[in-house]
Every structure is written in structure tokens, then in C-alpha cells.
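Inspection log for the structure reproduced underneath, given as C-alpha cells.
The values are calculated or read from the model by the stated rules, or taken from the named source; none is laboratory data. Please read all numbers here as calculations on a predicted model, not as lab measurements. Backbone-built Cβ (ideal geometry, glycine too); neighbour counts: all protein chains shown. Note: accessible area is taken over every heavy atom of the protein model, side chains too, but ligands, DNA and RNA are not part of it. Shrake-Rupley method; radii C 1.70, N 1.55, O 1.52, S 1.80 Å.
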Amino acid sequence: MLCLTIPPDRRESFRLLCLGAHSDDIEIGCGGTILRIAAEVPSLVVRWIVFSGDEGRRNEARNSAAAILEHVPQKQIEVLGFRDGYFPSQSADIKDYFESVKRDFDPSLILTHWQNDAHQDHRLLAELTFNTFRNHLVFEYEIPKYDGDLGNPNFFVPLTRAQLQQKIDTISHHFVSQRGRSWFEDETFVAMARLRGIGCNAPEGVAEAFYARKIVF
């Protein structure tokens, strides 16, 4: 079990790349971690990429990302138009986009989907992350869903209760399109954070968890 600590000498030039297949994936999987990093790294640079969404969902994604990154001085938010649910059939174009990101941005840390996620769009982004960024630190986040595919992550990021609440409030406020779904409740996100907080004995009892299968730091 590992926990996140950013050495002081790396905080001056810390660059974070956040990758999500769908409009709310980043916030659900690692919104609290991003808030914590932003609080600890005043000069943080973030590139935030959501790969799909119709017009309404794209607007939700932009507004939510802007709220999470409100105090980040340098940020670039991109919401793309790849077809939700069909990423494997668009893999060449998505790979081309990954290559363009690599040319323009050299991240200190990448937050992406888990390679064993049951959703095909999520798995493809995880695959392309490691295929493209071969000597970078990558944490794969988890998304609760109907598939029941939660696993046993090995990297934990303890959060404050305030960070967790800010994450939940942001999700609840901005993703109006999801309010009719049975999983879209504050209790879902609290339950996930409590389970992961127990798993790492977090000081305030809540955490997010990731899979770290290759660590380059």
C-alpha cells in the first residue's frame, strides 16, 4: 500500500495530466486527489481532457472542471467529441490525439482509467496512456458502476472531509444530466471514500484509491 506525498523540490514544476472518457469520470474517480494536489502545489499546471460527450454533457464537463481547477493558475480544459461507447472503433484517431498531447505536454503525473475497467471506453484510454507515456508516473482511478468491477487498488490518497465534500458538491451541482441514475447519489461517493479511507487508515477517514502498476518518479 502506497500513499501520495509530493516532495517539496518537485512542487515548483509539477504538471498534472487528467484523462477521462466521459464528462464526469475525472471528478468521480479522482476529483478529491486533484483538489488535494492543487492545495499542496500552488504553481500546479493541469491539462484536463475529456474525450466524449454530447453538447449538454460537454458543457457540464467544462463547468465542472473549471470549478475543480478554480485555484489552479495554469490550466487547459479540453472536451472532445469522440462517440461515447464506441472508442475501440475510433482507436486510431484517439491514439493520434494522445500522440499530439505527448508532443505538447510532459506530465509529472497522469491520472487515467484502470486497465481492467469493465467499460470499453475506459479500458482503451488506459491502454493508450501506457502505450503513449512510457516513462511517466501513472495512477489508474476507479469508477463505481453497474458492472460491479471494483477491485483491490494499491495506491491511496487520503483526503480531508472538506476536500471530499467539495468533490461531491461539484459533481452534484454540475452534472444535472445524471440525476435520474440510481448510482448518482452523494451516498455513493461517500461510501467509496470511506471504504478507501479505511483501507489506508486515513487521518480523516476518507480517501481515493488508484492502481499503480508501474511507478516512475
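For segment 38-68, what are the residues that are touching a strand residue (DSSP E or B) at 6+ places or on another chain (Cβ under 6 Å) and closer than 19 Å to Asp106 by Cβ?
Across segment 38-68, the qualifying residues are Val45, Val46, Arg47, Trp48, Ile49.
Does Asn152 satisfy being at pLDDT 95 or above and open to solvent by 80 Å² or more (accessible area, probe 1.4 Å)?
Yes: the conditions hold for Asn152.
Cβ contacts < 9 Å: first residue under 18 Å from Arg58 (Cβ atoms) and outside any helix (DSSP H, G or I), restricted to segment 165-183; second residue open to solvent by less than 50 Å² (accessible area, probe 1.4 Å) and at pLDDT below 95, any location; separation 6+ or different chain. Result?
Cβ pairs passing all conditions: Phe175/Arg57; Phe175/Phe184.
I'd like the full set of residues that are open to solvent by 10 Å² or more (accessible area, probe 1.4 Å) and out of contact with any strand residue (DSSP E or B) (no Cβ under 8 Å at 6 or more places or on another chain), limited to segment 129-143.
Scanning segment 129-143 gives Asn131, Arg134, Asn135.
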